[in-house]
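Undergrad: Below are the structure tokens for one structure; questions will follow.
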Amino acid sequence: MPRPSSPPIGLLLARSAKAVSRAFDEALTAAGGSLPMWLVLLSVKTREHANQRELAGAVGIEGATLTHHLNAMEERGLIRRERDPANRRVQLVSLTSAGDELFVRLAAAAQAHDQRLRRGFTAAEVQQLGQLLNRLAANVAGS
């Protein structure tokens with residue numbers, strides 16, 4: 001079998017994704033959080049997903065795992081949970097002032113990380129990269 005002239009795209013993408021993900025985790029940790037914490041804070045802050053079931057789906061984790069994260073965040077005073085008056089089986093999640101403060105720090109870390117990723121790229125290249133990544137995702141979704 002002939003040797004390819006460059007590594008397969010999947011391997012390059014996996015390596016890049018791992019490096020970018022590790023750098024993002026480090027940036028969030030340095031700001032006092034984690035990726036699951038950032039995703040929860042972002043979802044609650046934007047009010048896209050206020051109850052635990054919706055949050056689990058948005059964050060991409062199982063309900064039990066989300067409960068573990070929410071328990072830890074509640075112990076740190078970052079969130080509060082209360083029953084929905086319209087449906088007592090549903091718990092609503094909201095941010096405390098400490099949660100808002102952490103959200104601001106993590107948002108700054110996420111923005112700085114994004115700027116770091118964009119370094120050396122033109123706006124057109126960033127747009128093209130986004131299109132190419134979306135196409136890669138569509139290619140595997142359709143297989």
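Undergrad: Compute the acute angle (0 to 90°) between the alpha-carbon long axis of helix 9-30 and the principal axis of greatest extent of the alpha-carbon atoms of the chain; round to the nearest 10°.
TA: 40
Undergrad: Something else now. Using a basic spin-label model with each label point 7 Å from the Cα along Cα→Cβ, how many nm lie between N134 and V90?
TA: 3.1
Undergrad: Taking all pairs of distinct Cα atoms, average 1/r, flip it, and tell me the Kirkwood hydrodynamic radius of the range 9-141 in Å to one decimal place. The partial results should precede the final answer.
TA: Values: mean 1/r = 0.0604 Å⁻¹.
Over the range 9-141, the inverse of the mean reciprocal pair distance is 16.5 Å.
Undergrad: Also, I was wondering about something else. Would you mind checking which residues have amide H under 5 Å from I79's amide H? H placed 1.01 Å from N; only 5 or more apart, or other chain.
TA: E74, T96
Undergrad: Here is a follow-up. Rounded to whole Å, give me the distance from the Cα center of the range 1-47 to that of the range 74-143.
TA: Each part's Cα centre sits 12 Å from the other's.
Undergrad: How far apart, in nanometres, would the label points at R80 and L13 be if each is projected 7 angstrom from Cα along the Cα-to-Cβ direction?
TA: Result for the modelled spin labels: 4.5 nm.
Undergrad: Relative to the Cα centre, what is the charge dipole magnitude of the chain, using +1 at the beta carbon of each Lys and Arg, -1 at the beta carbon of each Asp and Glu, and rounding to the nearest 20 debye?
TA: Values: 18 positive and 13 negative charges, 62 e Å.
Computed about the Cα centre, the dipole is about 300 debye.
Undergrad: While we're looking at this one, here's another question. Starting from the 7 Å offset along Cα-to-Cβ, what nm value, one decimal, do you get for the label separation of R22 and L35?
TA: 1.3
Undergrad: For a quick check of your reading of the filter: which trypsin sites (Lys or Arg not before Pro) in the range 42-110 sit in a DSSP loop and have no more than 16 other Cβ atoms within 10 Å? Don't skip to the end; give the middle numbers.
TA: Details: sites: K45, R47, R53, R76, R80, R81, R83, R88, R89, R105; in loops: R47, R76.
Listed in order of number, the matching sites are R47, R76.
Read the figures in this text as sums done on the coordinates, not as results from a lab. A quick note: this is a predicted structure, and the numbers were derived from the prediction, not measured. Because the Cβ atoms are built from the backbone with ideal geometry, glycine has one as well, and the counts that use them run over all protein chains shown.
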